[in-house]
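A.B. asks: Here it is, the structure, as structure tokens.
Every read-out reported here was derived from the displayed coordinates using simple, explicitly stated rules and does not represent laboratory data. Note that the coordinates shown come from a computational prediction; the quantities given were computed from them, not determined experimentally. Glycine gets a Cβ as well: all are built from the backbone with ideal geometry, and neighbour counts include every protein chain shown.
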Amino acid sequence: MTLDVLIEDDRWSAVALEALATRAEAATLGHLGLDPELCEGSVLACNDARIKVLNADFRAKDRATNVLSWPAEERATPDARPPLPEPDFDGTIELGDIAISYDTCAAEAEAADKPMDHHVAHLLVHGLLHLLGYDHISDTDAEIMEGTETEILETLDVPDPY
């Protein structure tokens with residue numbers, strides 16, 4: 001697996017984000033039956049100022065958020081578990097990109113009285129599932145996505161966030 005992690009905010013080093021992202025991605029892909037060695041993706045570890053700009057540019061929402069994702073390919077299937085992606089001509093599966101904000105993650109973890117690494121693991125799994133076509137637009141989509149997140153997080157010893 002090629003996972004590029006770009007750390008723009010040094011506070012992420014306290015969470016050991018690179019190791020956490022690698023574990024979250026391996027757990028997510030393994031749970032879904034995808035070979036992690038074939039998959040490529042990236043994570044931008046930033047702060048609220050940066051993610052606010054990204055959220056405004058790509059979602060027309062002028063506020064910070066915890067995590068954003070940009071799938072390499074549209075895979076969503078409304079009200080159903082999305083199909084697994086197929087490898088490209090070179091044998092790889094391009095997942096896409098994720099951005100995650102330290103400020104919002106830390107504030108949410110504190111407000112929920114959760115360990116920061118548990119909350120970040122949840123958001124990374126959540127972002128990865130978005131890259132794979134999962135969504136939470138409808139109640140059925142949310143039920144499928146949240147159930148899948150909970151199953152994956154259990155393998156990481158992270159309690160059910162819902």
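A.B. asks: Does I100 fit the bill of being β-branched (V, I, T) and either in contact with a Cys (Cβ under 7 Å, 6 or more places away or on another chain) or outside any loop (DSSP other than H, G, I, E, B) (or both)? Write out each step before concluding.
C.D. replies: On the way: β-branched (V, I, T): yes; either in contact with a Cys (Cβ under 7 Å, 6 or more places away or on another chain) or outside any loop (DSSP other than H, G, I, E, B) (or both): yes.
Considered against the rule, which asks whether it is β-branched (V, I, T) and either in contact with a Cys (Cβ under 7 Å, 6 or more places away or on another chain) or outside any loop (DSSP other than H, G, I, E, B) (or both), I100 comes out as yes.
A.B. asks: Can you say whether S138 is within 18 Å of I7 (Cα to Cα) and in contact (Cβ under 8 Å) with a residue 24 or more places away in the chain, as far as the supplied structure shows? If you could, list the steps in order and put the result at the bottom.
C.D. replies: Numbers: within 18 Å of I7 (Cα to Cα): no; in contact (Cβ under 8 Å) with a residue 24 or more places away in the chain: yes.
Spelling it out, it is not the case that S138 is within 18 Å of I7 (Cα to Cα) and in contact (Cβ under 8 Å) with a residue 24 or more places away in the chain.
A.B. asks: In segment 26-45, what count of residues is obtained for those that are touching a helix residue (DSSP H, G or I) at 6+ places or on another chain (Cβ under 6 Å) and farther than 21 Å from T104 by Cα?
C.D. replies: Filtering segment 26-45 for residues touching a helix residue (DSSP H, G or I) at 6+ places or on another chain (Cβ under 6 Å) gives 26-29, 31, 36, 39, 43, 45.
Next, from what is left, pick out any that are farther than 21 Å from T104 by Cα: 26-29, 31, 36, 39.
The number of residues fulfilling the criteria is 7.
A.B. asks: So T92 ticks every box in (1) hydroxyl-bearing (S, T, Y); (2) under 16 Å from L29 (Cβ atoms); (3) crowded, with 18+ Cβ neighbours inside 10 Å but one. Which box is left unticked?
C.D. replies: (3)
A.B. asks: Filter segment 128-149 down to the residues that are more than 14 Å from L32 (Cβ to Cβ) and either surrounded by 19 or more Cβ atoms within 10 Å (Cβ to Cβ) or within 14 Å of the chain's Cα centre (by Cα) (or both) and list them by number. It would help to see each step written out before you state the result.
C.D. replies: Kept after step one, since they are more than 14 Å from L32 (Cβ to Cβ), are these residues of segment 128-149: 135-143, 146.
Result: D135, H136, D141, E146.
A.B. asks: Looking at segment 46-56, is at least one residue over 14 Å from the mean Cα position of the chain (by Cα), surrounded by fewer than 16 Cβ atoms within 10 Å (Cβ to Cβ), small (G, A, S) and under 16 Å from L124 (Cβ atoms)?
C.D. replies: No, segment 46-56 contains no residue that is over 14 Å from the mean Cα position of the chain (by Cα), surrounded by fewer than 16 Cβ atoms within 10 Å (Cβ to Cβ), small (G, A, S) and under 16 Å from L124 (Cβ atoms).
A.B. asks: Can you tell me which of (1) acidic (D, E); (2) closer than 29 Å to D103 by Cα; (3) surrounded by fewer than 15 Cβ atoms within 10 Å (Cβ to Cβ) is the one D35 doesn't meet?
C.D. replies: Going through (1) acidic (D, E); (2) closer than 29 Å to D103 by Cα; (3) surrounded by fewer than 15 Cβ atoms within 10 Å (Cβ to Cβ) one by one, D35 breaks only (2).
A.B. asks: Which of the residues spanning segment 128-157 are over 12 Å from P78 (Cβ atoms) and not in a helix (DSSP H, G or I)?
C.D. replies: Result: L132, L156, D157.
A.B. asks: OK, next. Looking at segment 109-118, is at least one residue touching a His at 6+ places or on another chain (Cβ under 6 Å), under 20 Å from T150 (Cβ atoms), of a type in the set (A, V, I, L, M, F, W, C) and assigned to a helix (DSSP H, G or I)?
C.D. replies: Of segment 109-118, the ones touching a His at 6+ places or on another chain (Cβ under 6 Å) are 109.
Pick out the ones that are also under 20 Å from T150 (Cβ atoms) and you get 109.
With the extra rule that they be of a type in the set (A, V, I, L, M, F, W, C), the set shrinks to 109.
Then drop every residue that is not assigned to a helix (DSSP H, G or I), which leaves 109.
Yes: one or more hits.
A.B. asks: Starting from residues that are among the small types (G, A, S) and assigned to a strand (DSSP E or B), keep the ones in segment 3-60 and report whichever is farthest from P87 (Cα to Cα). Walk me through how you get there before you give the answer.
C.D. replies: Keep residues of segment 3-60 that are among the small types (G, A, S), which gives 13-14, 16, 19, 21, 24, 26-27, 30, 33, 41-42, 45, 49, 56, 60.
So of that shortlist, the ones also assigned to a strand (DSSP E or B) come out as 41-42, 45.
Details: G41: 13, S42: 17, A45: 27 Å.
Residue satisfying both the conditions and the ranking: A45.
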